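Structure first, commentary second.
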Amino acid sequence: MSGSLEFLVQLLNGIQYGLLLFLLASGLSLIFGIMGVLNLAHGSFYMVGAYLAFWLARDIGNIWLAIPIELAMVLLIGVILESALFSRLYHRDHLQQVLLSFGLILIFEELRSIFFGDDVHGVPVPPLLRSSIPLTGTLSYPVYRLFISGACLVVAGLMYLVIQKTRVGMMIRAGSTNREMVQSLGINIKLIYRWVFAVGVTLAALAGMIAAPISSVYPGMGSQILIICFVVVVVGGIGSIKGAMISALTIGIVDTLGQVLLPEFSGAAVYLLMAVILLWWPQGLFRVA
Amino acid sequence: MRIGRLMLMLGAVCVGLMPLTGATFYVQLVSKIMILAIFAMSLDLLVGSAGLVSLGHGAFFGVAGYAIALLSPKYQAASLWWTLPVVLIISAALALIVGLLVLRTSGVYFIMVTLAFGQMLYSLFHDTKLGGGSDGLYLYVRPTSSIAGYQPFDLEKPLHFFYFVFVIMLGVYVLLNRVRVSPFGHALAGLKVNEQRMRSLGFPPIPYKLGAFVLAGTLTGLAGYLAACQFGFVNPEMLSWHYSAMVLMMLILGGVARFHGAIVGAFAYVLLQEMLASQAVFGAIAKHWQLGMGVLIVLSVLLLPNGLTSLLDRLSRVRLRQNS
C-alpha cells in the first residue's frame, strides 16, 4: 500500500517538475517561434530568477513583496538586452545568435560569482506554504510543491488566453507569420518583439524564482536546466504550446522516476527518450508548420 | 589575396620557429592552441562548408580523450601506432551513430539536438564509474612512437610534442582544403545554399552531410587524443557543450568558412583568455576573466561578424586596387 503511495508522491513530483519545465520551455519556444532567435541565455534567466529570490528573500524577508520587484527587474533587463543586442541579430544566422547568447551566459555566470560567490544557498519556503499534507504515518506531501504546480498552470492558462483571445495575441501570431505585412498595417512590430522577448525571459526567471525553495541556488543551475528545456522543445515541436506541455510533463515524469529507479543512468534517460522520439518524428510530436 | 596568403605563410613560419626562443611555457601554450585549432578546423567543415552548427562536438573530443586514457596501461606507455588509429576509428563510429540520428533534423533543431547528445555523453561519463566519474582519469605516460626498439621521436619532450602537433595541424589544414575543393566539398556547399535544388540535381543530402559529420567527428577525435596526451588527464568537462561553444567562438573570431580562420581564431581566443586571466595585467579582477571574455564575445559578434581574417581580406583588396 505504502509502495503505491510512494509512487504517487514521485508521480506528483514528476508532474510538478514537468510543469516547471513547461514554464521555461514555453518562454524559449515563444521567443524562437516569433522572432526566430535561439536564446541560449534562457537558462541564465532561470538562474537570475532563483538568485534574485534568494537575495530578496534574505534582505526584504517578505517573498510576496519580493516577487513583483523581481519580475519588474527581469522585465527591464529583458527590454534592455533586446533593444541593445538581440534586435540587431534578427536577420543574422543562428550561429551568431548562439554565440551572442553564449557570451551572455558567461557574463551572467561571472556576475553571479562576483555578487553571490560560488556556494550553494538554500532559500526558505514562504511561511504560508510551509505545511505538508499527511498521506500515511510516514509519508506526506509538501504544500509548496502543489503551489508550484498551481502557479505554473495559472501562468499557462493566462498565456493561452493572451495569445489566442486578445488583440495583442493576434498581433503576436500575425507577426510570427509575416513581419513585413504586419508592419505595413501600421503595427509597431519592433515594440511587440521587445515585449515578447522581455516576457519570455521573465517567464524563465519566474520559474527559477518559484523553484528556488526546493532546488536551492547553485552555480551552473542555468546551463543544466537549459539542456532539459531544449529536449522539451525538440520533443514537443517548436512553436507548439500544446506540444511543449505534453513533452514537458513526459520528461518531468521520466526524469523524476528515473532518478528513483535508475539513479546512475537518470541523466541519460531523458536523452534516450529524445533519441527514440527523433527516430520516429524528426520534427517533434506537434510541429506547427 | 596575395598579401593575405603571404601573411599566413609568414605566420606559419613564425609559429614553426617559435620554440627556438626556448621558453617551455610558451611551447606548451602554443601546442595547446594548435590542438584547439585542429578541433576548430574540423568544426568549420560542418559550420562553414555544410552550414551545420553543432554544439555537441565536445563529445567527440572528450570521448577520444577517454579512449586513449582507458586504452593505455597504467604507468606505462601505449604504442602511438595502434592507439591513434583505434581512437580515430572509435570517434568515426560514434560520429556515424550520432550523425545518423541528429541529421534527421536541420537548422535550429540540429543545434539543440547536437547539444543534447553531447550532454547525454557528458552525463554518462559524469555519473557512472566508466571513466572515473566527475574526477576523470589520468594518463600518466604519453604514448610512445617506438617501433621494434627504435624511437624516432619522444612525445614526452615538449619540443617533440610541439612539432608533432604542428605537423598534424598543417596536415589537417591541407586535407580539409582538399576536401573543400573536391566534388564532395562542392556538393556540401551546394546543400548549404539550396538543399531542394541539390536534391533535384541528384545529390541526396544525408550521405553528404553524414560524410562531413563523420570526417569532422574523426578529426575532432584526433584533437581529443592530442589534448589528452598534452594535459595528462581527461575529465567530463572536455565533453561539455561549453567546450563546443568555445570552439565555435574561435571560429567566428577568426572567420567562418576558411580553415585559416579557424587557426587564427584559436590563437586569438586563447591569447585573449591568457591575457584576461593574467594577474600581472588585471590584478585581482583576473579571477573573473570570464566576464571580460563574455563582453568580448558579445562585442565581436556585433562588430566583427566575419572574423579577424576578413580584415586581412579587406587589407589585401585595398592593396590590389592600388596596384592596378
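The figures follow:
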| read-out | value |
| --- | --- |
| Residues being surrounded by fewer than 22 Cβ atoms within 10 Å (Cβ to Cβ) and either at the interface with chain A (Cβ under 9 Å from one of its Cβ atoms) or in contact with a Pro (Cβ under 6 Å, 6 or more places away or on another chain) (or both) - total across region B:94-105 | 3 |
| Out of B:130, B:55, B:43, sole residue that is surrounded by 24 or more Cβ atoms within 10 Å (Cβ to Cβ), of a type in the set (A, V, I, L, M, F, W, C), within 14 Å of chain A (Cβ to nearest Cβ) and not in a helix (DSSP H, G or I) | B:55 |
| Some residue of region A:203-223 being closer than 23 Å to residue B:105 by Cα and within 15 Å of the chain's Cα centre (by Cα) | yes |
| Some residue of region B:109-117 being facing chain A (nearest Cβ under 9 Å), closer than 22 Å to residue B:247 by Cα and not hydrophobic (A, V, I, L, M, F, W, C) | yes |
| Residue ranges of helices (runs of 4 or more DSSP H) in region B:138-222 with at least 1 members of a type in the set (Val, Ile, Thr) and either modelled with pLDDT of 90 or more or farther than 28 Å from residue B:257 by Cα (or both) | B:158-181 |
| Filtered residues of region A:117-152 (kept if loosely packed, with under 13 Cβ neighbours inside 10 Å and under 14 Å from residue A:13 (Cβ atoms)) | A:133 |
| Hey, residue B:250 of a type in the set (A, V, I, L, M), in contact (Cβ under 8 Å) with a residue 12 or more places away in the chain, in contact with a helix residue (DSSP H, G or I) (Cβ under 8 Å, 6 or more places away or on another chain) and closer than 15 Å to residue B:41 by Cβ or not | yes |
| Qualifying position, being without any contact (Cβ under 8 Å) to a residue 40 or more places away in the chain and surrounded by fewer than 24 Cβ atoms within 10 Å (Cβ to Cβ), among A:5, A:56 | A:56 |
| In region A:153-181, residue farthest from residue A:204 (Cα to Cα) [restricted to those that are at pLDDT below 80 and loosely packed, with under 14 Cβ neighbours inside 10 Å] | A:178 |
| Test for residue B:91: is it buried (at least 24 other Cβ atoms within 10 Å of the Cβ), in a loop (DSSP other than H, G, I, E, B) and polar (S, T, N, Q) | no |
| Region B:140-184, residues that are of a type in the set (D, E, K, R) and under 15 Å from residue B:223 (Cα atoms) | B:142 |
| Residue selected from region A:87-96 under the condition facing another protein chain (nearest Cβ under 9 Å) and part of a helix (DSSP H, G or I), by the criterion surrounded by the fewest Cβ atoms within 10 Å (Cβ to Cβ) | A:88 |
| Candidates A:223, A:266, A:240, filtered to the one that is in contact with a Lys or Arg (Cβ under 7 Å, 6 or more places away or on another chain) and either within 24 Å of residue A:158 (Cα to Cα) or buried (at least 18 other Cβ atoms within 10 Å of the Cβ) (or both) | A:240 |
| Selection from region A:97-131 of residues that are away from chain B (no Cβ under 12 Å) and assigned to a helix (DSSP H, G or I) | A:116, A:127, A:128, A:129 |
| Residues within region A:188-219 that are loosely packed, with under 15 Cβ neighbours inside 10 Å and without any contact (Cβ under 8 Å) to a residue 60 or more places away in the chain, tallied | 2 |
| Given (1) farther than 30 Å from residue A:268 by Cβ; (2) touching a residue at least 24 places away in the same chain (Cβ under 8 Å), number of the condition residue B:110 does not satisfy | (1) |
| Residue in region A:158-173 that is assigned to a strand (DSSP E or B) and in contact with a Ser or Thr (Cβ under 9 Å, 6 or more places away or on another chain) present | no |
| Qualifying position, being more than 10 Å from every other protein chain (Cβ to nearest Cβ) and under 14 Å from residue B:109 (Cα atoms), among A:236, A:252, A:284 | A:236 |
| Identity of the residue in region B:69-88, in a helix (DSSP H, G or I) and free of Cβ contacts under 8 Å to residues at least 40 places away in the same chain, that ends up farthest from the other protein chains (Cβ to nearest Cβ) | B:82 |
| Matching helices (runs of 4 or more DSSP H) fully within region B:233-324 where at least 3 residues are within 14 Å of another protein chain (Cβ to nearest Cβ), among the hydroxyl-bearing types (Ser, Thr, Tyr) and in contact with a Cys (Cβ under 7 Å, 6 or more places away or on another chain) | none |
| Test set (1) assigned to a loop (DSSP other than H, G, I, E, B); (2) at pLDDT 90 or above - residue B:35 fails condition number | (1) |
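To keep it simple, each residue is scored yes or no on (1) farther than 29 Å from residue A:103 by Cα; (2) within 14 Å of another protein chain (Cβ to nearest Cβ); (3) not in a helix (DSSP H, G or I).
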position	(1), (2), (3)
A:212	no, no, no
A:219	no, yes, yes
A:222	no, yes, no
A:226	no, yes, no
A:229	no, yes, no
A:256	yes, no, no
A:259	yes, yes, no
A:271	no, yes, no
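The values are calculated or read from the model by the stated rules, or taken from the named source; none is laboratory data. Being a predicted model, the structure only gives us computed values, none of them experimental. For neighbour counting, all protein chains shown are included, and Cβ atoms are generated from backbone atoms with ideal geometry for every residue, glycine included.
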